[in-house]
4 protein chains.
Amino acid sequence: MAQSVVRAVVVGATGYGGAEVVRLLLGHPGVEVVGVTSSRLAGTPLRKECPWLATDLQLSSFDPATVDADVVFLCQESGFAMEHAEEILSQARIVDLSADFRLTSETDFAEFYGRPHTAKHLPAVYGLPEIGKRDAIRSASLVANPGCYPTASVLALKPLVDAELLNGVPVIDAKSGVSGAGRGKATTDYLFSELATSFKAYGIIGHRHQPEIEEQAGCKVRFSPHLVPMPRGLEATVHAPVREVSVDVLQEIFREAYASERFVNLVDAIPSTKQVTGSNRCDISVSYDARLGFAVITSVIDNLGKGAAGQAVQNMNLMFDFPEATGLSVHGLWP
Amino acid sequence: MAQSVVRAVVVGATGYGGAEVVRLLLGHPGVEVVGVTSSRLAGTPLRKECPWLATDLQLSSFDPATVDADVVFLCQESGFAMEHAEEILSQARIVDLSADFRLTSETDFAEFYGRPHTAKHLPAVYGLPEIGKRDAIRSASLVANPGCYPTASVLALKPLVDAELLNGVPVIDAKSGVSGAGRGKATTDYLFSELATSFKAYGIIGHRHQPEIEEQAGCKVRFSPHLVPMPRGLEATVHAPVREVSVDVLQEIFREAYASERFVNLVDAIPSTKQVTGSNRCDISVSYDARLGFAVITSVIDNLGKGAAGQAVQNMNLMFDFPEATGLSVHGLWP
Amino acid sequence: MAQSVVRAVVVGATGYGGAEVVRLLLGHPGVEVVGVTSSRLAGTPLRKECPWLATDLQLSSFDPATVDADVVFLCQESGFAMEHAEEILSQARIVDLSADFRLTSETDFAEFYGRPHTAKHLPAVYGLPEIGKRDAIRSASLVANPGCYPTASVLALKPLVDAELLNGVPVIDAKSGVSGAGRGKATTDYLFSELATSFKAYGIIGHRHQPEIEEQAGCKVRFSPHLVPMPRGLEATVHAPVREVSVDVLQEIFREAYASERFVNLVDAIPSTKQVTGSNRCDISVSYDARLGFAVITSVIDNLGKGAAGQAVQNMNLMFDFPEATGLSVHGLWP
Amino acid sequence: MAQSVVRAVVVGATGYGGAEVVRLLLGHPGVEVVGVTSSRLAGTPLRKECPWLATDLQLSSFDPATVDADVVFLCQESGFAMEHAEEILSQARIVDLSADFRLTSETDFAEFYGRPHTAKHLPAVYGLPEIGKRDAIRSASLVANPGCYPTASVLALKPLVDAELLNGVPVIDAKSGVSGAGRGKATTDYLFSELATSFKAYGIIGHRHQPEIEEQAGCKVRFSPHLVPMPRGLEATVHAPVREVSVDVLQEIFREAYASERFVNLVDAIPSTKQVTGSNRCDISVSYDARLGFAVITSVIDNLGKGAAGQAVQNMNLMFDFPEATGLSVHGLWP
């Protein structure tokens, strides 16, 4: 049983990820939001910065030394969690939405994030419940909430790896809505007029999510992300060379892998990002290119839902013994 | 107190309005959806037509003669409710999302909907709770759920009328997202490629929502709607000639009018449609053009939320003694 | 006859307006672009900043003291033209795309632009050819290129004023694509994710384009602009109280007013902004609300075409005796 | 030298491809459009169907038996060209924008288009000028205008094949704006509200453009297309396993391949579809994943420009000895 009320603080509450955590928590029957923080905007009503949230919460500054809460959601740039987690953990449990604790490899962290890791001694658990770590999440003090691309990619790829079907390096061609860049990217490149009606690749070689995908999926991947002119949504198309198989067997592998999952579904029709907007769902389609020997998997999530805030709340539900779907929507918002 | 579980049928469940009613009801703790109907698609899983809804409900055909439910949401084109309401009412209460019972004037109905009204003897209540008809809604058997433009327009205009400030004909220049046209409008005009990055007026003279606005607001209005390249959202800008007044007095009038309302809010900054997307909220800003003597009111709603399905559920909550906000979101989905 | 080649400099070539002037001039058979300038980016290839322009032009800094050109297009924020026009005019003719020389009234300039006008002695001509000032433009040294809202609004309103039909204050409810805010507005408010699928009013009272419209149309107007989630395009809906008239007479007034104009057209169907995208056209529809006595005029332009750069080139064509449509498109880009 | 005036007929002038051909031809100094046809809409002014085209042309029906023109652009569904080309060719030359004459393999045609080819005896030339068939195009009577995906894909892949660098099956993950579906697809799936803010894969296995790409590139490919919520634009990301090489060598291969091409450019920054909108350009970026041995090429076109109508006019320019870029824009429209 969950304790009567979990008291939560959201650090970095005015970014897209943080504000979405707040939105979900405000609708969660077992949580009280006792703090929303912003270093820059302390003293301002949250609603002034986030007019979509009909709340009277006031932004405050965050002091890691005096955390009066059961759980802290860290929604900050990389570096913050690494610096403050130990102090916070002495007072509350943490769901960290940054990349600080996602990678096992210190070498990769240093290479891809451009600085040494300073808190490797802290025992973080990677918070992707559907790939077999639920018990670890339940008892974790510090959960590393997965990246958006890794969530969609690993859910699409892991069953192939587990079934030992791979026969070469999978290509993951992934596409994200613009909110993935965050709300702080107030530069010309992210202006509405620059991105509307435009599509492009970016981070073609060496994107930060590549080592995370490889660690969690358990194989090397050729990974490139793209930017789609939509605010939310993320799709990954995995072109995976596989040993000879049939489409029926392929689909059965995915169906079984996620048979008991409420948020991950094998679907018949190729899914669109729109059908999972606002939800915590990941819809997956499985095809087989028999001519060339490729499994082609597409998976869609809401990058701010199952790809960030929704998954963070799902992890919190596990940590605090709430039913896993509490406060989360399994339905998308359409149109 | 609400009865333990209200059993609901949604007639026309695959349209935008109907599917949104289903989505809201599936998240409503006091409602069981016992039927989702579609004359064309009976026998199909709802999820096949509406892949955003993670439900196993099957579409069936609707038989007005055998309604086994407490409440029926009619989400059909004009004409259907008028024809079947009497038979349904002998078995269940009705929230009608069509225009059939919105107008008091039979003459206007005949003129604007092109046919005589055939069920004027049925006692329908106009379901806009915030303009003073809550008790009537609570006890109503048949609620006429308001149109989207009238909801935004009347909420923006009524306080001026009630305060007897009008000094001429208000101009209501309203703008809607494309879902207002419905999901059945599968013609070239509504294709993505035709409407993306385009804005236009339509129905400049004599739009059907004009008499509805006039009846509910209590004054004549110059009304023209426009189509905005976004799926959801609706804004009305009311330019109302007024007697000499101050902006403070104007704002106080609106603040008082909606002081106890959870879903209608006077806001400081000019609101955007995005901030109410997915919610049942109406945000209103009040400005005063002292030079020319105009109050300029802008109001935003989600045309499928407070403008349709959300309001329908709000009305159902009143009819069945649920707290008025049950199953409805007061927060928008952003970005 | 035009001189063989007009040598042009574009000052502020990387903004939306400036780059569009460059694009048009690069396709103009009688113009050589001899300079593209940017104070911030001098030394950079223009194509690096504007990857849509397949040109080898290099950005330079602009020195008003040594202008080696026949015409200078000033595409800068308000204030720049006022400061430098006199010096430039001793060497070249000017088309100024800023607001500096648009207003006749010094009082209004000071009020709406927040500073005194310092160059009122310079003889600027307002460059809206279709409202009767072609000869003045032809011989002008300094043309004040109109604002985007005034262009659409004045073309929609002036014929009513000239016909002495007005019977009250017209309401102009105008809507613009986001590029109207310029490319330099790199703030959170203009991020893709903030504006996509959103519509809102802004500048409800006292927008800077209001006095410009009033001067050129010759009447007071109630004017409010709105922001549409599209990069280009601008629509104005004019609700004008008029003396009793017929729709036929109204339309005839507009048809006659623009009978010989290539770029301004009375159209039968209500026009969309999309149909004029990329063109220098203004399409106008005329309706009559006989019940309440309003003419309702809608007019659409491309805010960067007829609303800025296209009109600037049209003015240059007049100034240098090119056929007026040279280098301009009369067709829109669709879809 | 081109003949003084080429007289052109556009068959299927109201679709997206056909109307874009008309738009380009109306701006072409050496062409007179003598006919625009539509079987369904004969007798209607073209402008009524295509309000973006400011022309007085009237739609007529097309009679293949009496073609009074120098060139006919066939913008019809597959099947039409095959049936009528022989008769038309006795009177005029043809640029066929359908797929009828794109494939060399009769077997593939029958498999992918579901019917036997009935006009294989006609000597069609594949009209992608930049891959070495210019002379054949110049003298061709019948040019098969390439598909949109094949244009972007082949331009991105061919230099790798020619340099004998391939070391496995390339994955082409391609994405198109919605206009690729055509203007006739007036079904629910293509409604604005269904596609706005959504991204999805489609045709994952066995898309019709796959054999076309394979024939022209000269290698097998794993190809899947996706739908992007934008009206125009197409991107292909090619993940090609290659023998060990350096990024410099890779880029040099592409630079040389297109050194003399005006419309195909190797660019430094990863290109966006927006930067080629409205142009006939293809921008290409070349990256190298040294870790896994992949060349990663991205290429962008306007699917209606270089991907359809622009390329058709480019081919016509070759056929009638116009300078190749006549009537075509090398600059994109932005924003």
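The values are calculated or read from the model by the stated rules, or taken from the named source; none is laboratory data. Owing to the predicted nature of the structure, the values given are computational and were not obtained by experimental measurement. Cβ sites come from the backbone with ideal geometry, for glycine too, and all protein chains shown count toward neighbours. Calculation scope for accessible area: heavy atoms of the full protein, side chains included, ligands and nucleic acids excluded. Shrake-Rupley method; radii C 1.70, N 1.55, O 1.52, S 1.80 Å.
In 10 Å bins starting at zero, report the fraction of Cα pairs in region D:135-205 per bin as a rounded %.
Using 10 Å bins, I get a P(r) of 13, 33, 30, 19, 5 for region D:135-205.
Mind checking the alpha-carbon convex hull of region A:287-332 and giving the volume per residue in Å³?
Details: hull volume 4.8 nm³, N = 46.
Hull volume normalised by residue count: 105 Å³.
How high is the FRET efficiency between A:Ala42 and B:Leu292 when r is their beta carbon distance and R₀ equals 25 Å, given to the nearest 0.05?
Working from the Cβ atoms, E equals 0.05.
Suppose you put the label 7 Å out from Cα in the Cβ direction; list, shortest first and in nm with one decimal, how far B:Glu261 is from each other copy's label.
When each copy's label point is compared with this one, the spacings are 4.1, 4.4, 6.0 nm.
Report the residue, chosen from D:Val313, D:Val72, D:Val247, that carries the largest GNM mean-square fluctuation when chain D is represented by alpha-carbon nodes joined by springs under 10 Å.
Comparing D:Val313, D:Val72, D:Val247 in a Gaussian network model of chain D, the most mobile one is D:Val247.
Where the centroid of each part is defined by its Cα atoms, how far is region D:151-200 from region D:57-73 in Å?
32
Mind computing the radius of gyration and Dmax over the alpha-carbon atoms of region B:190-250? Å is fine for both.
For region B:190-250, the Cα-based Rg and Dmax read 15.4, 47 Å.
When the solvent-accessible surface of protein heavy atoms is calculated with a 1.4 angstrom probe, in what order do B:Arg40, D:Arg291 fall, highest first? Don't jump to the answer; show the numbers that get you there.
Numbers: B:Arg40 185, D:Arg291 105 Å².
Result, largest first: B:Arg40, D:Arg291.
Can you list, shortest first in nanometers, how far D:Arg291 lies from the same residue in the other copies, with each label 7 Å from Cα toward Cβ?
Sorted ascending, the copy-to-copy spacings read 3.1, 6.0, 6.6 nm.
Where both partners of a DSSP beta bridge lie in the protein assembly as shown, what percent of those bridges are antiparallel, to the nearest 5? Provide the component values of the computation, followed by the final result.
Values: 109 of 237 bridges.
Antiparallel: roughly 45 percent of the beta bridges in the protein assembly as shown.
Which of the three applies to region A:112-259, rounded, prolate or oblate, going by the alpha-carbon gyration tensor with a ≥ b ≥ c and a/c under 1.5 meaning rounded? Kindly include the intermediate steps, with their values, before the conclusion.
Numbers: a/c = 1.89, a/b = 1.21, b/c = 1.56.
Judged from the Cα gyration tensor, region A:112-259 comes out oblate (a/c at least 1.5, b/c at or above a/b).
How many percent of the alpha carbon pairs in chain D exceed a separation of 37 Å? Kindly include the intermediate steps, with their values, before the conclusion.
On the way: 7678 of 55945 pairs.
That tail contains 14 percent of the Cα-Cα pairs.
Please pull out the direction-averaged projected area of the protein assembly as shown, using the convex hull of its alpha-carbon atoms, in nm² to one decimal place. Please report the intermediate quantities before stating the final value.
On the way: hull surface 195.3 nm².
About 48.8 nm², averaged over all directions.
Relative contact order of chain D: what whole-number percent is it, with Cα pairs under 8 angstrom and at least 6 residues apart?
Working: 768 pairs, mean separation 60.4, N = 335.
It comes to 18 percent, rounded to a whole number.
Just reorder C:Leu103, C:Leu328 by solvent-accessible area, largest first, 1.4 Å probe, all chains present.
Details: C:Leu103 5, C:Leu328 25 Å².
Sorted descending by solvent-accessible area, the residues read C:Leu328, C:Leu103.
As a quick test, which of the pairs A:Lys274/B:Lys133; B:Lys48/D:Lys274; B:Lys158/C:Lys274; A:Lys120/A:Lys220; C:Lys175/D:Lys200; A:Lys158/A:Lys185 have an alpha carbon distance above 25 angstrom in this structure? Don't jump to the answer; show the numbers that get you there.
On the way: A:Lys274/B:Lys133 37 Å; B:Lys48/D:Lys274 34 Å; B:Lys158/C:Lys274 35 Å; A:Lys120/A:Lys220 23 Å; C:Lys175/D:Lys200 31 Å; A:Lys158/A:Lys185 32 Å.
With Cα atoms farther than 25 Å apart: A:Lys274/B:Lys133; B:Lys48/D:Lys274; B:Lys158/C:Lys274; C:Lys175/D:Lys200; A:Lys158/A:Lys185.
Test of understanding: express the Cα radius of gyration of region D:49-174 as a ratio to 2.2 N^0.38 Å, with N the residue count.
Numbers: Rg = 17.1 Å, N = 126, 2.2 N^0.38 = 13.8 Å.
Output field value: 1.24.
At 7 angstrom along the Cα-to-beta-carbon line, where would the label on D:Cys219 sit relative to the other copies? Give the distances in nm, shortest first.
Result, one decimal in nm: 2.1, 6.8, 7.2.
Which single residue of chain D puts its beta carbon nearest to the axis of rotation relating D to B, and what distance, in whole Å, does that give?
Output: D:Phe192, 2.
Counting pairs of alpha carbon atoms under 8 Å apart in space and at least six apart in sequence, what relative contact order in percent does region D:1-137 give? Mind showing how you got there, number by number?
On the way: 223 pairs, mean separation 26.5, N = 137.
Answer for region D:1-137 is 19 percent.
Give the separation of the Cα centroids, region A:252-268 to region C:288-335, in Å.
56
Calculate, in nm to one decimal, what B:Lys220 and B:Arg138 gain on full extension: separation in residues at 0.36 nm each, minus their alpha carbon distance. List each step's numbers first, then the result.
Details: separation 82, 0.36 × 82 = 29.52 nm, distance 2.89 nm.
So the chain would gain 26.6 nm between B:Lys220 and B:Arg138.
Could you tell me the center-to-center distance, by alpha carbons, between region D:211-250 and region B:80-127 in angstrom?
So the two Cα centres are separated by 58 Å.
With 5 Å bins from zero, work out the P(r) of region D:251-313 over every alpha carbon pair and list the percent per bin.
4, 19, 24, 22, 17, 8, 4, 1, 0
On a 0 to 90 degree scale, rounded to 10, what angle separates helix B:16-26 from the longest Cα axis of chain B?
The angle comes out at about 70 degrees.
Please find, in a Gaussian network model of chain C (springs between Cα atoms separated by less than 10 Å), the residue of C:Gly305, C:Gly15, C:Gly114 whose mean-square fluctuation is greatest.
C:Gly114
Counting each DSSP H run of 4 or more residues in chain B as -39500 (n - 2.57), what helix-only mean residue ellipticity at 222 nm follows after dividing by all residues, to the nearest 500 deg cm²/dmol? Each step should come with its number before you reach the end.
Details: 10 runs with 87 residues, N = 335.
It comes out at -7000 deg cm²/dmol, rounded to the nearest 500.
Given Cα pairs under 8 Å that are at least 6 residues apart, what percent is the relative contact order of region A:187-257? Numbers along the way, then the final one.
Details: 38 pairs, mean separation 21.2, N = 71.
Computed over region A:187-257, the figure is 30 percent.
Just tell me the longest site-free run in chain D, where the sites are GluC sites (Glu not before Pro) in a DSSP loop having at most 15 other beta-carbon atoms within 10 Å. Let's see the in-between values first.
Details: sites that count: D:Glu77, D:Glu164, D:Glu244, D:Glu261.
In chain D, the maximal stretch lacking such sites is D:78-163.
Sorting B:Asp70, C:Asp268 by accessible area (1.4 Å probe), largest first, what list results?
Order by accessible area, largest first: C:Asp268, B:Asp70.
Modelling each spin label as a point 7 Å along the Cα-to-Cβ direction, I'd like the D:Asp248/C:His121 distance in nm, to one decimal.
6.2
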